[in-house]
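The values are calculated or read from the model by the stated rules, or taken from the named source; none is laboratory data. These numbers were taken from a predicted model, which means no experiment stands behind them. Note that each Cβ is placed from the backbone with ideal geometry, even for glycine, and that neighbours are counted across all protein chains shown. For accessibility, only protein heavy atoms count, side chains too; no ligands or nucleic acids. Shrake-Rupley method; radii C 1.70, N 1.55, O 1.52, S 1.80 Å.
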Amino acid sequence: MDNVSLSRIGVVGRGRLGNALATALRNAGYEVGGPAARAEVPAGDAIVLCVPDSEIPAAAAAVAGAAPLIGHTSGATPLTALEPAGSERFGLHPLQTFSGGESDAARFAGCRCAVAGSTPAAAEVAAALARSLGMVPLEISDAQRPAYHAAASIASNFLVALEAAAEEVAAAAGLDPDEARAALAPLVRTTVENWAELGPRRALTGPVARGDELTVAAQRAAVREAAPQLEALFDVMVERARALVEEVPA
């Protein structure tokens with residue numbers, strides 16, 4: 001293990017992440033095998049599995065003995081899922097979203113990357129790979145993975161679901177989905193930037209932050225009429241916003 005040269009990296013998985021990772025690794029100067037199909041075994045000093053969580057054990061078994069290091073890119077799955085590979089194990093989860101576009105390979109730079117290893121040496125390999133792609137390694141243990149991945153899902157996946165809800169309500173104001181996204185996107189971007197810079201309490205604006213309960217009630221009625229299936233979601237979000245307003249500053 002100590003003498004492994006990470007000049008060649010094998011990538012398994014031809015989805016969004018597999019393709020982006022293979023391109024980014026090549027751009028960083030690595031010789032890359034793949035991205036290979038899930039039944040294939042690419043050459044490499046380390047092999048990274050970019051496959052769905054449920055398929056990691058089978059993919060690990062398929063590459064057993066092919067490289068001294070086997071890693072996965074799952075944020076939620078423990079390293080024990082890689083045990084069928086019979087190699088030292090590592091985790092490499094970019095805290096980023098990938099759309100399948102040409103710019104995906106550049107999206108690694110500047111983001112955090114959850115890393116872990118079955119040994120200190122394997123963990124250092126994961127951290128070195130992350131740094132070579134411009135990412136900042138973030139050590140996450142197997143015990144911490146569920147909370148880490150839940151936070152990522154809330155921040156990214158649930159944000160998309162929330163914006164889809166905004167599109168539905170905007171239809172009642174005469175905006176089709178394309179118009180709604182064009183109108184709301186600058187607001188969303190600025191809000192996210194304010195949250196990142198100021199924190200949630202200071203970034204919160206609007207009627208709940210002002211204590212304007214009449215406006216909140218009018219909004220609730222509009223949501224009930226336009227998209228009654230979203231009324232419960234509206235109530236939950238108002239409750240969370242009020243909790244931020246009432247939070248005592250640190």
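Odds and ends about this structure:
- R0 of 25 Å, Cβ-Cβ distance residue 201-residue 111: FRET efficiency to nearest 0.05: 0.50
- Amide hydrogen neighbours beyond the local backbone of residue 32, cut-off 5 Å, H modeled: 9
- For the chain, built as a Gaussian network whose Cα springs stay under 10 Å, the top-fluctuating residue of 168, 102, 193: 193
- Magnitude of the charge dipole for region 135-249, about its Cα centre and with charges confined to Cβ atoms of Lys, Arg (+1) and Asp, Glu (-1), is about 260 debye.
- Charged neighbours of residue 25, selected by a Cβ distance under 13 Å, balance to 0 (K, R count +1; D, E count -1).
- Surface composition of region 168-232: carbon and sulfur make up 58 percent of the accessible area, probe 1.4 Å.
- Cα centre as origin, Lys/Arg/Asp/Glu Cβ charges: the chain dipole, Debye: 400 debye
- Across every direction, the projection of the convex hull enclosing the Cα atoms of the chain has a mean area of 15.6 nm².
- R0 of 25 Å, Cβ-Cβ distance residue 236-residue 156: FRET efficiency to nearest 0.05: 0.85
- The mean accessible area for residues of the chain, using a 1.4 Å probe and ignoring ligands and nucleic acids, is 54 Å² per residue.
- Carbon and sulfur %, accessible surface of region 1-72 computed with the full protein complex present, 1.4 Å: 46 percent
- Furthest towards positive pole of dipole, 41, 227, 6, structure part the chain, Cβ charges: 6
- Prolate/oblate/rounded label for region 146-202 (Cα gyration tensor, a/c 1.5): oblate
- Rounded to the nearest 10 Å², the accessible area of residue 212 at probe 1.4 Å: 50 Å²
- Expressed as a whole percent, the proportion of Cα-Cα pairs in region 80-197 lying more than 16 Å apart is 71%.
- The candidates 178, 142, arranged from most to least accessible area with a 1.4 Å probe in the full protein assembly, appear as 178, 142.
- The simple Förster model, with R0 at 35 Å and r as the Cβ-Cβ distance, assigns residue 245 and residue 168 a FRET efficiency of 0.85.
- Prolate/oblate/rounded label for region 5-138 (Cα gyration tensor, a/c 1.5): rounded
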